[in-house]
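Only one structure is covered here, and it is reproduced in the block below.
Quick note: the coordinates plus some simple rules give every number you see, no bench work behind them. Since we're looking at a predicted model, the values are computed, not measured. Reconstructed Cβ throughout: ideal geometry from the backbone, glycine too, with neighbour counts over all protein chains shown.
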Amino acid sequence: MVLIIVIALCLTNLIAFKISGKNKKKRIWAGIIVLLLTPLVFFLTGISLSPFDPGGFGTGMMMVLYSFLFAVNGIIIIIIGLFTKKSLNT
């Protein structure tokens, strides 16, 4: 399960940084989009894990964990975007 979280976060970062390049505005927008996708990750985690957990406690914990990590990831991308020097192609 931890491997899935790591792979999902790495893919999210890879896509965000490949699309934004070294452009400051695009990197900030990529972080905002990741933050906006956090509720979708929460919902999809609940739907995909609920058949395997009849009690629901483990599903709830995984939903909160995934969502928290994606939100922190989005905030870190925004912070990196804020401290990135302006690109020459702006």
- request: Can you find, among Phe52, Trp29, Met63, the residue farthest towards the positive end of the dipole of the chain? Put +1 on the C-beta of Lys and Arg, -1 on that of Asp and Glu.
  value: Trp29
- request: Using only the Cα atoms of the stretch 1-44, build the gyration tensor, take square roots of its eigenvalues as a ≥ b ≥ c, and label the shape rounded, prolate or oblate: rounded if a/c is under 1.5, else prolate if a/b is larger than b/c, else oblate.
  value: oblate
query: Where does the chain land at 222 nm, in deg cm²/dmol rounded to the nearest 500, when only DSSP H runs of n ≥ 4 count, each adding -39500 (n - 2.57), divided by all residues?
result: -28000 deg cm²/dmol
message: Apply the a/c threshold of 1.5 to the C-alpha gyration tensor of the stretch 17-83 and tell me whether it is rounded, prolate or oblate.
response: prolate
